[in-house]
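For reference, the structure is listed below as structure tokens.
A short reminder: the numbers here are calculations on the coordinates, not readings from a lab. Predicted model only: the values in this text are computed from it and were never measured. FYI the Cβ positions are ideal-geometry reconstructions off the backbone, even for glycines, and counts take in every protein chain you see.
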């Protein structure tokens, strides 16, 4: 016996490459979820500001781009 553990099928010698890829994928997923959450909450807050402005009876709540001539 050589003392080395038996190799599993599909093990290409890089024993730590599997967990590293999983960690990177998990990090990317977390960053994407945080970015989407930030975008959603800022969009909701903007809609609240517009609704509050309209409830006050104001008409200048949105900045509308004038058509180019």
Could you calculate the FRET efficiency of residue 40 with residue 66 from 1/(1 + (r/R0)^6), where r is the beta carbon distance between them and R0 is 22 Å, rounded to 0.05?
-> 0.15
How do 63, 49 rank when sorted from fewest to most other Cβ atoms within 10 Å of their own Cβ?
-> 63, 49
In which sequence would 17, 66 go, from the one with the fewest C-beta neighbours within 10 Å to the one with the most?
-> 66, 17
